[in-house]
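Since every read-out is calculated from the coordinates, none of them should be taken as a lab result. The structure displayed is predicted, hence computed values, not measured ones. Cβ atoms come from the backbone with ideal geometry, glycine included; neighbour counts cover every protein chain shown.
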Amino acid sequence: MPNPDDHLPDADLAPLHRITLREIRLPLVEPFVISSGREDERRILLLTLRDADGVEAWSECVAMATPNYSPETIDSCWQMIRQHVAPRVLGKELASPQAVHAALQPAFRGHWMAKAAVEMGCWGLAAERQGVSLAGLLGGTRERIEVGISLGIQPSSDHLCRKVEGALEAGYRKVKIKIRPGRDLDDLRQACRVAGSGSHLMADANSAYSLSDIPHLRQFDDLGLMMIEQPLAWDDLRQHGELQRQLITPICLDESITDVAKAADMVALGSGRIINIKPGRVGGLSSSLEIHDLCRRLDVAVWCGGMLESGIGRAYNVALASLPGFTLPGDVSPSARYWSQDIVTPEWTMDDTGHVQVPFDRPGIGVEVDVERIEQLTVRSEVLDVASQ
Ligand SMILES: [Mg+2]
């Protein structure tokens, strides 16, 4: 049952007539390395949604090329959208993005990123149709949001220290350091020395540890980090609870939280004290709002993570991060952090106090999509329309 205090945005839709899928390849400024893999170039699945009235919106699927973060990939999402998502939404009378979310649940397990790409596009469409900003439609209250940076595993501790120093000088409010066994405590200790303390630093293990590492992980407590993210298995809650009971450092869950029920389980089991909400990972913005509302009620801090999105995906993250429960800095780095040239104008920028402005004054997702550049970068495309269903 919805809680009467929860924010229930009023967003209306016309039936969807067409979904265009496109894959672009966007070269990263530098490779991004985590405990389970490496990205040199980002394969990105972009969607254009068009409704019966001719209104259009762009959205982005956050799945990666390989299933090292999530079971989903850009290729599995393409197929799932074509075979299972599109037939449930094209030409259907779904009055709101929440109705789209509901239509994608019965007898359709998992595939959160495929579902989210379409559901989030419907939020973009609803904002366009109503001539309001996406952030305003979602109930955002912050005009500017604090920005954090995520640093992949660096070639050496010295490289890492220089990156941490540079990030703090640039104004970033939180520095997330990717770790793995063998590249953790020493790296973090040196980073803390550079930063003056651990109070603006956090570690993300992407599931690289097990319960047998508890004595090792307890040494992290001396560093005073903001949090340690997803140290144990990607789909675990119970073992994280066992670990959290033995750690002072708050555990933040990322991969394990795929819907509001998992968030409630995290709280019930004591598996963590913070949630990194990535709308793509939880099936879209309707689900993100549910998690946000639950966490606000239970006084659990949330923040918005990133998935190496282009400026289109970032627009959705910025809008979500403007909600009142997002009390910790989000991984919504400016475009130039990842791309020599983004696919939106204006590009996302951060001021020297580490904030990004939320475009409440622009309708829709708040940035113009550079269609010409996208066409140059497109390596394949497919049109799904009402007639093809
Ligand atoms: Mg993570």
At a Förster radius of 51 Å, what calculated FRET efficiency corresponds to the Cβ-Cβ distance of SER388 and LEU298, to the nearest 0.05?
-> 0.70
Based on the Cβ-Cβ distance of SER340 and THR378, what FRET efficiency does E = 1/(1 + (r/R0)^6) give at R0 = 22 Å, to the nearest 0.05?
-> 0.80
Counting DSSP beta bridges with both partners in the chain, what percentage is antiparallel, nearest 5?
-> 60
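Find the relative contact order for the chain and round it to a whole percent, using C-alpha pairs within less than 8 Å whose residues are 6+ positions apart. Please list the in-between numbers first.
On the way: 873 pairs, mean separation 87.2, N = 389.
After rounding, I find 22 percent.
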Please find the FRET efficiency linking ARG109 to LEU28, where r is the Cβ-Cβ separation and R0 is fixed at 30 Å, and quote it to the nearest 0.05.
-> 0.40
Charges only on Cβ, +1 for Lys and Arg, -1 for Asp and Glu: so what's the dipole of the chain about the Cα centre, in debye to the nearest 20?
-> 560
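Please give me, ordered by residue number, the GluC sites (Glu not before Pro) of the stretch 105-157 that lie in loop per DSSP and have at most 13 other Cβ atoms within 10 Å.
GLU143
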Does the chain come out rounded, prolate or oblate by the C-alpha gyration tensor, with a ≥ b ≥ c the root eigenvalues, rounded set by a/c under 1.5 and, if not, prolate when a/b is larger than b/c and oblate if not?
-> prolate
If you count, for each residue, the other Cβ atoms within 10 Å and average over each peptide, how do 12-23, 303-314, 349-360 line up from highest to lowest?
-> 303-314, 12-23, 349-360
Expressed as a whole number of Å, what is the distance separating the alpha-carbon centroids of the stretch 260-314 and the stretch 315-357?
-> 18
